[in-house]
Structure formats: structure tokens, C-alpha cells
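A.B. asks: Quick one: the structure is below, and I'll ask about it shortly.
The values are calculated or read from the model by the stated rules, or taken from the named source; none is laboratory data. Nothing here was measured: the structure is a model prediction, and the numbers come from that model. When we count neighbours, we look across all protein chains shown, and the Cβ atoms used for this are built from the backbone with ideal geometry, even at glycine.
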Amino acid sequence: MNNTTVINGAPVQPPRSIWGYWLAMLVLTLGLAGLAITGEADRLAPGIPFIDLLSYKLTGYANVLLGAATLLYLAHLWFTQPAVGKWATGLATAGMIGLLVALLTRWFETHQVLEEGHVPISNLYEVTIFFTALTTLIYLILESLSRNRHPGAFVLPIVMAGIAFELWLVSRGQAGPQNLVPALKSYWMHAHVLANFIGYGAFAVACGGGVMYLVRQRAEARGNSDGMVMRVVPGLGECDNLMYRSIAIGFITFTIATILGAAWAYDAWGGYWSWDPKETWSLIVWITYAVYLHLRFVKGWAGSRMAWWAILGFGVTLFCFIGVNMFLSGLHSYGQLS
Amino acid sequence: MSNDPENRTPDNSQASGIAVRLIRFLSSMPVAVTLLCLVALASTIGTVLVQNREPDYYIANLGPSWYRLLDALDFFDMYGSWWFITIMTLLVLSVSAALLRHGPRFWHVSRPLQAMRPWPKRSDGGFTLATPLAADTQAVEGVLRRLGYTEFRSGEEQGRPLLLARKGRYSRLGFFFVHGGVVLICIGGLITSQLGFRGVMNLPEAESDDKVYVQDGNSYRTLQLPFKVRNDDFAISFYKTGMPSEYSSQLTLHGEDGDIISKRITVNDPLRYQGITFYQASFGDAGSGVNFTIHDLTTPGFPEQRVESAVHKELEDGMGLKLTIKELRQHNVMNMATEEGKTDLQDAGASLDIHLSSPSSGNITYRIYMAYPHMLAFGRTGDEEMTYDNLGFAPAEREKLQLLEAYLAEVGQLKVRDPDSNRAAFTQAMEKLQLPLSRATELGTAVATAESALRTHKLPMLFTFSGYKPKMYTGLQVARDPGSPLVWSACALLVIGLYMMIYMHEKRIWVRFDREQQQLEVCALLSGKDKHPLNTTLARLQQELGSASSTTG
Ligand code: HEM
């Protein structure tokens, strides 16, 4: 009796349960954060410089781990021994947990260092860390589902770009915890930012899938069937599926995020929609991916056109995330660059 | 929704009335995608071109000809322009047309499983599995039930038993939820824009009003509320950095016969009453009372004039000199650290900005600090920065100011200025005012500092800020938003529908039992174009069938 199903010509394995593993990781993260907080609690005082904050240092270490993971994922393209991939996954997991621990620690720190604490997703620096952590997390979950480590070489560089942006913010002196303007003190806002960044992270993963698709397709067209790309990049179907699945998750969370944002605006500014640039750009992002889904569902589009769509869609997303704050002005003061 | 021939209804495929053709055209994918892209494109323009500013702003930035062109096309109030509304209307029509088109078919398709259907000619996936279960239709049905299949039909085909199972009969509702949600959100927005309003109201403390200013393009109209709003108290708290940390107002709605409702509103916590909502949006100075003294340096005797006035007031002397009391700041937090990189935030207290305009000395803005009367802080129009200097003493110290005047008069007569003649002039001034020479050092330093400061900056007058009584107004955003309940429900519908569309599918699975060969043939159909979700289903089914057979057989 054969145990792998062949469906439409491709072997399919039944999904495996990964939730026990991720639950353990969650417990580990919370435990480490608890340790970090107790370790630092008596040292904190109002106004201490941010470079003395444990969260700042932890973020630095975690970034180094993620950098190493990125290198290993890239090396894994050439050195296909499973050990290389396992180390890459291990380092990425450690880095991701480090970032989450850092954020949880910072949550505590803001309460000690500022007059009034806040959830650490309140300024551009904090949300950038959050973005890198979430993108890595979403990727790692997908990796543990698909049991394929090669896509890491395409997703982790996006994380590295996020880290580069974060370091640039540090160099501009924007890394310190800051007091919140009154409008930001809202539960809606926390839920909104959280959902938004799950969406952004998923779109980033989809973009990685799109790049992989195009790379693989080019290699196939060149016809060298045993090149590095052919060996490591998953089949076109799998890349396409990664793209679609991430966009599907991202689209739902992004929709929820936009609705939460509208609910927040409704309480803070007296209208759920005022065509402020950030709002308008999230509508543009939403439309971009809604069109993607239509083309896929209705027209059955797949392949390189959709890969390009996922990549360009992420460009639009990035503009919504960073570009709007840099080039346009509006009500969303939290991300203002000074 | 599905182009699978099994689900074709005998509906409108032959009909070709104009309505049907219009519905088909409007709901066609090219039209829908084009409309969506147009909305995205227009919105992009709307975020790049700042909306609803005064004409001068655009003329200065774009030039008059561009201004005229874009203004004629309503680009500066784009989201309310006829063409943007048209695009949005077409979008809603397109989605409604899609709903109409799919409605009848939905009822057809989501009826209960009517009868056994033959093994399909075309399949979205399947497998063949050798298993002892091939003899046991009941056991296979049990496995499928465990996987969530609820509807079954069994039959026979060429002597072989056949089982048809279906789940997700209602999953196509997702399509209607999502698209219906989009339509309802737009309708909600339309209701709000037609029947609602959104305006501002600035209420000074202890005052009542019932007029709301509603922006209409780039002008305002007033709107009368059915009751009055009173600002009982406005409160604001600051962080140590001087940034506002929270502000709130105690509002009371009242009518002819007394108070109706009262609530303290803060930035994220508005007051809602009878469909009208009052939001804490901003705050400002409603004409705080201020006391200050003017020391006129251009008139002999440096006369003093005490002024009791209020912020935003203007004072004129009838000779072209105009004072405007611009801004009262109650806190001025500054970094007083002497070392670089350190912070030592301290509050320098209240300050008042007074704008002076006169033909002889141009435009100057003075910033006077109550706690630092000897500080000279001012900016001249055209200069970006404020200039700070030390006057050496507070202008209210009459004795020193008079000595300064006497000294300036003495040195004014000097032909040559050197330390000796300066000292002689100073002594003469002291004698004139009959001041004891024992105070020469103290007074000399003050007067010398003041002389050099005034010589460099050539200020026509000085000010002393002596007191204030704050009077704030609370900035309220007032809105009536009758569409919002519909919008929020539609949002919920949209999200649920999205989940259904992406993760729930109608699945039909045929199992053919081949008892002789001891094997099962499985074949499946999935609604929608995206067939991928079927792969995992089939994989699980195979696993289940495999393990069920090992326990049974
Ligand atoms: C403003 C938003 C939207 C507009 C204007 C819109 C418009 C349309 C239109 C006009 C159709 C009809 C196509 C036809 O009848 O063949 C359609 C179909 C469809 N839409 Fe949307 N849609 C919107 C949002 C969404 C969203 C958010 C999804 C989510 C996944 C979605 C998924 C679908 C699907 C799956 C179909 C195919 C139905 C079929 O099989 O024919 N739509 N859409």
C-alpha cells in the first residue's frame, strides 16, 4: 500500500501537526521575557538613555542571530546538507524569539522609563522591530508546515532590509521610547497595528514567494535541470501556493486591520474614514490584493504574472507602511520622521 | 460561481434582454478590475495632491494655469467630485450586478443533494487505493463523516457500488457576504454623506453654543443643533517634555428646560447622544487674560504703560503702531543640560508672544517669559530663528531703566568713545539720578550689558509679562453618522465572507468500490477555480482510509 498520495501528478503529503511545537516556543518566549524583566527591573529609572535599555541590547543580539541565519539560508543554496538548513532554522527561531522577548521587555521598560507606559508598537522604530519579528515568525510557521527550508534564502533578506531600516532609525536618534500623543492611547490602535503588521508580514512572505517563482521559472527556461536553483527552489506550483496562501492570510488580516483602524478613527477623530493619506493608501493596498484574488479565483491566473503582482503588491504595501510617513502628511502621527 | 457544467442552471444562458446583457457587462471581470484600478489610481492622486486647501496655496505651488485646470476638474476636492462619485457608483453597480447574476444559481446549487450523480467526466483530483475497506461502504461513509461530510447519496454503476458525499453546501454564501458587504459599506457611506454631517465647534470654558461649522469644499456653513452644548470645564495634562498627555472636557447638553446629559470626554472617548457624537478633537486659547507692561524706549523718560488685555486682541496707538497678542504658552520645557547628549528637562514657565508692527521698526515678535524678565527673546519677520539675549536687568526695575536712559543720553553727546569717557558719562548719569557711588559696580554691569544688547538689536520697546488667567476653548468634532451601524455590520459580514471564500469550499467526493480488486477509486470536485485546497483534503482522506482499513481489517 503506497502512502503518499499522487494528486494531479504531484505527490502530496498530509499536513502535520505543528502546534505543539509552536506552543512550546510561545511558552519559551514568555519565560525568557519574564527572566529579562526580573533581571532588569531594579535597574530602570525614568529617563535612562535608550542604549542602556535591555530591550535595545536584546534587539541587537537578535539582529545578529537573524543576520547569521540569513547567511546560512543563503549558504544552504549551495551547501545542501540538512545540517546547514537546520542551523539556519535554529538561528532564525532564536533571533525571532529574541526580538519578541525584546519587545515584551520594552513593554515593561516603557512603564518604568516613561511617565506612562505603552504597548511597544507605537512608533516607527518599534513597529519595524515588530515587522521583522512577525515576518520571520510567519515564515517559520510556513516552513514547519512545508518542511522546506530553501525559501528562507528569499524571505530572510526582506527581514534584513527591515533591520537595516531599523538601524537607520537608530542612527537618526529615533529609537528611544517616546510618550504617546493622546490619540494613540486606544485599545483599537493596538489591535489595529497588530493586525496590520501580520498583514504586512504575510505580504512580505508572498513577495519572497514571487521572487522564488521567477527565479525558478528562469532557471527552467534555461533548461539546466541540475543547477543550484533547480535543486533548492521549490517547484513552481509550490511557490505559487506559498504566494497565494500568504496573500490569503494577509488579505484577511489586512481587511480586519483596516476595519479596526476605522473603528479607532471613529472614536478618536469622529469619522471612520476621512481619506487621510495612510487610510487611502491602505485602501490602495487592499484593492491591489483584491484584484490579485479576483484574477486568481475568477480568471484562474497563476504563474509569473501573479508572481509579479505579489512583488509589486509588496512595493505598494511598503509605500503604505513607510513611504506615506516619509513623503505624505496626515493624521497618523505615530510614524512621523523628524 | 462555478463553471462546472454539473451546476449550470437552466437560467439566463439563452436570455439576452438588454437588462441581462447590462448585468453581464457590468459584472464582467475586465470592468470590475478596471474600476478597482481606477479607484486605486484616483486615490493615489488624492494623497499626493493635498486636498481642500485655500486657492492661494495651490496657485503658489502649482502655478495659475495648472490650478485652473485641476480646479475645473475638482481635483482639490476629489473625493467629493462628480467623477469620483461616478466611479464609486459604477463599482457598486458592478458588484451588485455580480450579486444579481449569481443569486439564482446560488439557490440552485445550495439545495440539498438531490440525487445520485454519475461519476464525473472531469475531476479536480483523485486517487486509487488498495484497501480491504473496498468491501464496506458503511465504513467509508463513517470516515467521510469524520472529515465533516454531511450529505450522502449512494448508487451503483456497472455493478459497482458508488458513494457521493458533499460538504460545504453553503460555502458559496461567502461570495455574497463579501460582495454584499462591499455594497453595504458603500451604501452606509452614502447614507452618512447625505443624511449626516461632520463639523467643528470651538467652545470656550463656561460657554454654551448650538452652532456647528461644517466644511463644504473649502468654505464653511453653519448648522444648528436641536440643543445647546456647554463646556463646563476643560482640563489638560502635560508630560514632563511639555507635550500634552491628555485633554478632556466636561460637556453638558442642555435645552430650554434644563440639562439633558453630561459627560467628561477625552480624545478616545466621545459623548454620543441621539445619533450626534461629540469628539474631543483639539483645544486652543479662547482669549486668556494677560497683563503686561510696555516700556517705550523711543519716547523720552522711557514711559511705562500697563496693559490688561487678552490673547488674540490687537492694540493700536493711532500712529501706525500695532501690537497683536498672539500666543500664551503656559509651559516652556527646555533642555537645560550643559553637557552634550544629556537631557535635563526644565519648565521655564509661562511665555507670551506679542507681535509688534510699526512703520519705523518693521515687524518683530517678542517672546516674554514671566519667570525670566531680563531675557530678550524676539524674532524679526523673515528670520526663521528666535534671537535670545540678556538685558542685564528686568525692565520693570525702574531705577535701572532710568539710569540706562540717562547714561544713553550722556554717551550720545560723546564725540569719542573709550573706556574713560564711558566711565565719566556713567558717573554723570549716576549723579543726575542722585544714586550713591557705592552701587556703581552693580549698576554699571547691568547698564553696560543692557546698552550693548540694545545697540545690537535696536528694539523700540521692551515688555514685562506680569500675569495671566488662562481661558481655553475645547475643540469639538461634532458628527452625525447615520450610516455607521450599517457600515460596521457590513464589515463583519465582509470579514466572515472572506474567511468562507478563502477557506471553505463546496467539496464533492465520489467513491467507487471495486470489490474484486479490493480497491477504492476516489474522485473529487471543488467549487471555484482555485483547486489547491483539494490536495490536502485528498491527502487526509487517503490517510484516514488507510488507517481505518488497518484497524478494521
Ligand atoms: C471592492 C471590492 C470588490 C469588487 C468591486 C468586486 C467585484 C467583483 C465582480 C464584479 C465580480 C463578478 C465576476 C463575475 O460575475 O464573473 C466578482 C467576482 C468575484 N469576487 Fe469580487 N469584488 C470585490 C471584492 C472581492 C473580494 C474582497 C474578494 C475576496 C476574496 C472577492 C472575490 C471574488 C470571487 C471569488 C469572485 C468570483 C465569483 C465567480 O466565480 O464568478 N471579491 N467580484
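A.B. asks: Which ones in the range B:219-271 are more than 25 Å from the chain's Cα centre (by Cα) and of a type in the set (S, T, N, Q)?
C.D. replies: Result: B:Gln224, B:Thr252, B:Ser262.
A.B. asks: Pick out the one residue from A:Val324, A:Val232, A:Val316 that is modelled with pLDDT under 85 and within 12 Å of chain B (Cβ to nearest Cβ).
C.D. replies: On the way: A:Val232 fails: within 12 Å of chain B (Cβ to nearest Cβ); A:Val316 fails: modelled with pLDDT under 85.
From the options A:Val324, A:Val232, A:Val316, the qualifying one is A:Val324.
A.B. asks: Within the range A:276-319, count every residue that is part of a loop (DSSP other than H, G, I, E, B) and within 14 Å of A:Ala206 (Cα to Cα). Walk me through how you get there before you give the answer.
C.D. replies: If we filter the range A:276-319 for residues that are part of a loop (DSSP other than H, G, I, E, B), which is where we start, we get A:276, A:298-303.
If we keep only those that are within 14 Å of A:Ala206 (Cα to Cα) as well, we get A:302-303.
Here the count works out to 2.
A.B. asks: Is it the case that the range A:233-244 has a residue that's within 13 Å of the ligand (Cβ to nearest atom), more than 24 Å from B:Gly46 (Cβ to Cβ), outside the structural domain of A:Leu140 (by TED's automatic domain parsing) and of a type in the set (Ser, Thr, Tyr)?
C.D. replies: There is at least one residue in the range A:233-244 that is within 13 Å of the ligand (Cβ to nearest atom), more than 24 Å from B:Gly46 (Cβ to Cβ), outside the structural domain of A:Leu140 (by TED's automatic domain parsing) and of a type in the set (Ser, Thr, Tyr).
A.B. asks: If you go through the range B:236-252, how many residues are modelled with pLDDT under 90 and part of a strand (DSSP E or B)?
C.D. replies: Summing the residues that are modelled with pLDDT under 90 and part of a strand (DSSP E or B) in the range B:236-252 gives 7.
A.B. asks: Taking the range B:206-218, which residues are in a strand (DSSP E or B) and more than 20 Å from the chain's Cα centre (by Cα)?
C.D. replies: Those that are in a strand (DSSP E or B) and more than 20 Å from the chain's Cα centre (by Cα): B:Ser208, B:Asp209, B:Asp210, B:Lys211, B:Val212.
A.B. asks: Which of the residues that make up the range B:168-205 are in contact with a strand residue (DSSP E or B) (Cβ under 6 Å, 6 or more places away or on another chain) and not in a loop (DSSP other than H, G, I, E, B)?
C.D. replies: B:Phe197, B:Arg198, B:Gly199, B:Val200, B:Met201, B:Asn202, B:Leu203, B:Pro204
A.B. asks: For a quick check of your reading: which strands (runs of 3 or more DSSP E) sit entirely within the range B:282-329 and have at least 3 residues that are within 42 Å of the chain's Cα centre (by Cα) and within 30 Å of B:Ser245 (Cβ to Cβ)?
C.D. replies: Once the strands (runs of 3 or more DSSP E) in the range B:282-329 are filtered for at least 3 residues that are within 42 Å of the chain's Cα centre (by Cα) and within 30 Å of B:Ser245 (Cβ to Cβ), what remains is B:289-296, B:322-329.
A.B. asks: Taking the range A:274-288, which residues are surrounded by 20 or more Cβ atoms within 10 Å (Cβ to Cβ), facing chain B (nearest Cβ under 8 Å) and either of a type outside the set (A, V, I, L, M) or at positive phi (or both)?
C.D. replies: A:Pro277, A:Thr280, A:Trp281, A:Thr288
A.B. asks: Tally up the residues in the range A:53-76 that are surrounded by fewer than 19 Cβ atoms within 10 Å (Cβ to Cβ), aromatic (Phe, Trp, Tyr) and in contact (Cβ under 8 Å) with a residue 60 or more places away in the chain, please.
C.D. replies: Residues in the range A:53-76 being surrounded by fewer than 19 Cβ atoms within 10 Å (Cβ to Cβ), aromatic (Phe, Trp, Tyr) and in contact (Cβ under 8 Å) with a residue 60 or more places away in the chain: 0 in total.
A.B. asks: So which of A:Ser186, A:Ser246 ends up being closer than 25 Å to A:Trp264 by Cβ and either within 23 Å of the chain's Cα centre (by Cα) or small (Gly, Ala, Ser) (or both)? Spell out how you get there, then give the answer.
C.D. replies: On the way: A:Ser246 fails: closer than 25 Å to A:Trp264 by Cβ.
Among A:Ser186, A:Ser246, only A:Ser186 is closer than 25 Å to A:Trp264 by Cβ and either within 23 Å of the chain's Cα centre (by Cα) or small (Gly, Ala, Ser) (or both).
A.B. asks: Count, please, the residues in the range B:36-53 that happen to be in contact (Cβ under 8 Å) with a residue 40 or more places away in the chain and more than 16 Å from the ligand (Cβ to nearest atom).
C.D. replies: Residues meeting the conditions: 2.
A.B. asks: Moving on. Looking at the range B:336-344, can you tell me whether even one residue there is without any contact (Cβ under 8 Å) to a residue 40 or more places away in the chain and either touching a Lys or Arg at 6+ places or on another chain (Cβ under 8 Å) or part of a strand (DSSP E or B) (or both)?
C.D. replies: If we filter the range B:336-344 for residues that are without any contact (Cβ under 8 Å) to a residue 40 or more places away in the chain, which is where we start, we get B:336-344.
Then keep just the ones that are either touching a Lys or Arg at 6+ places or on another chain (Cβ under 8 Å) or part of a strand (DSSP E or B) (or both); that gives none.
Within the range B:336-344 (the criterion being without any contact (Cβ under 8 Å) to a residue 40 or more places away in the chain and either touching a Lys or Arg at 6+ places or on another chain (Cβ under 8 Å) or part of a strand (DSSP E or B) (or both)), the answer is no, since none of the residues qualifies.
A.B. asks: Restricting the first residue to the range A:288-306 and requiring it to be basic (Lys, Arg), which pairs with a second residue that is near the ligand (Cβ under 9 Å from one of its atoms) and part of a helix (DSSP H, G or I) meet a Cβ separation below 7 Å and a spacing of at least six or different chains?
C.D. replies: A:Lys299/B:Met29
A.B. asks: I'd like to know if the range B:483-495 contains one or more residues that are within 16 Å of the ligand (Cβ to nearest atom), under 30 Å from B:Arg117 (Cβ atoms) and within 14 Å of chain A (Cβ to nearest Cβ). Write out each step before concluding.
C.D. replies: Our first condition is that a residue be within 16 Å of the ligand (Cβ to nearest atom); within the range B:483-495, this holds for B:487, B:490-495.
Those still in the list that are under 30 Å from B:Arg117 (Cβ atoms) too: none.
No, every residue in the range B:483-495 fails to be within 16 Å of the ligand (Cβ to nearest atom), under 30 Å from B:Arg117 (Cβ atoms) and within 14 Å of chain A (Cβ to nearest Cβ).
A.B. asks: I'm trying to understand the selection: among the residues of the range A:251-261, which are more than 12 Å from the ligand (Cβ to nearest atom) and not hydrophobic (A, V, I, L, M, F, W, C)? It would help to see each step written out before you state the result.
C.D. replies: If we filter the range A:251-261 for residues that are more than 12 Å from the ligand (Cβ to nearest atom), which is where we start, we get A:253, A:256-257, A:259-261.
Answer for the range A:251-261, where residues must be more than 12 Å from the ligand (Cβ to nearest atom) and not hydrophobic (A, V, I, L, M, F, W, C): A:Thr253, A:Gly261.
A.B. asks: Just give me the residues in the range A:289-303 being modelled with pLDDT of 90 or more, surrounded by fewer than 20 Cβ atoms within 10 Å (Cβ to Cβ) and more than 10 Å from chain B (Cβ to nearest Cβ), in sequence order.
C.D. replies: none
This table checks each residue for (1) touching a Lys or Arg at 6+ places or on another chain (Cβ under 7 Å); (2) crowded, with 22+ Cβ neighbours inside 10 Å; (3) within 14 Å of chain B (Cβ to nearest Cβ).
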| residue | (1), (2), (3) |
| --- | --- |
| A:Arg172 | no, no, no |
| A:Leu180 | no, yes, yes |
| A:Met189 | no, yes, yes |
| A:His192 | no, yes, yes |
| A:Gly208 | no, yes, no |
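A.B. asks: Could you tell me which numbered condition B:Gly148 fails, if it satisfies all but one of (1) within 16 Å of the ligand (Cβ to nearest atom); (2) without any contact (Cβ under 8 Å) to a residue 24 or more places away in the chain; (3) assigned to a loop (DSSP other than H, G, I, E, B)?
C.D. replies: Every condition holds for B:Gly148 apart from (1).
A.B. asks: Can you name the residue in the range B:109-121 that is touching a residue at least 60 places away in the same chain (Cβ under 8 Å) and more than 45 Å from the chain's Cα centre (by Cα) and, of all such residues, is farthest from the ligand (Cβ to nearest atom)?
C.D. replies: Looking only at the range B:109-121, we keep the residues that are touching a residue at least 60 places away in the same chain (Cβ under 8 Å), and these are B:109-110, B:117, B:119-120.
With the extra rule that they be more than 45 Å from the chain's Cα centre (by Cα), the set shrinks to B:117, B:119-120.
Values: B:Arg117: 21, B:Trp119: 25, B:Pro120: 19 Å.
The qualifying residue farthest from the ligand (Cβ to nearest atom) is B:Trp119.
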